[in-house]
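The values are calculated or read from the model by the stated rules, or taken from the named source; none is laboratory data. All of these numbers come straight from a predicted model, not from anything done at the bench. All Cβ positions, even for glycine, are placed from backbone atoms using ideal geometry, and neighbour counts span all protein chains on display. SASA here: full protein model, heavy atoms, side chains in, ligands and nucleic acids out. Shrake-Rupley method; radii C 1.70, N 1.55, O 1.52, S 1.80 Å.
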Amino acid sequence: MSKESIQEVVQKSLEDYFNDLGEQKPSNIYDMMVMTVEKPILEVVMHRAEGNQSHAAQMLGINRNTLRKKLQEHGLL
């Protein structure tokens, strides 16, 4: 396992993002972050579930229809 926790990596990335913005005003940070982390989560879990959406949804703790919608949003179907 990495020495850095996921939380630390996210915090550092956000700090870097704000530093890169300089004087520009940030917007839609929440949506940007969710979309950024959601796709790799879905990819890894679907791989672990060997493509079984019901099993993947159970692993994620979400409804299968919700999973399917998210997979479509990220172009993973």
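What is the residue count in the range 1-22 for residues that are over 18 Å from Pro40 (Cα atoms) and of a type in the set (S, T, N, Q)?
Number satisfying all stated conditions: 1.
Just one of Ile29, Ile6 is without any contact (Cβ under 8 Å) to a residue 24 or more places away in the chain, open to solvent by less than 60 Å² (accessible area, probe 1.4 Å) and β-branched (Val, Ile, Thr); which is it?
Ile29
Step by step: first the residues of the range 32-54, then only those that are of a type outside the set (A, V, I, L, M), at pLDDT 95 or above and open to solvent by 80 Å² or more (accessible area, probe 1.4 Å), then the one that is nearest to Ser13 (Cα to Cα). Which residue is that? Break it down stepwise before answering.
Of the residues in the range 32-54, the ones of a type outside the set (A, V, I, L, M) are 36, 38-40, 43, 47-48, 50-54.
With at pLDDT 95 or above added as a condition, the list becomes 38-40, 43, 47-48, 50-54.
After this cut, where a residue has to be open to solvent by 80 Å² or more (accessible area, probe 1.4 Å) as well, the list is 43, 47-48, 50.
Details: Glu43: 21, His47: 26, Arg48: 26, Glu50: 30 Å.
Going through the qualifying residues, I end up with Glu43.
Can you tell me which residue in the range 13-67 is farthest from Leu77 (Cα to Cα), limited to those that are over 15 Å from the mean Cα position of the chain (by Cα), of a type in the set (Lys, Arg) and in a helix (DSSP H, G or I)?
My answer is Arg48.
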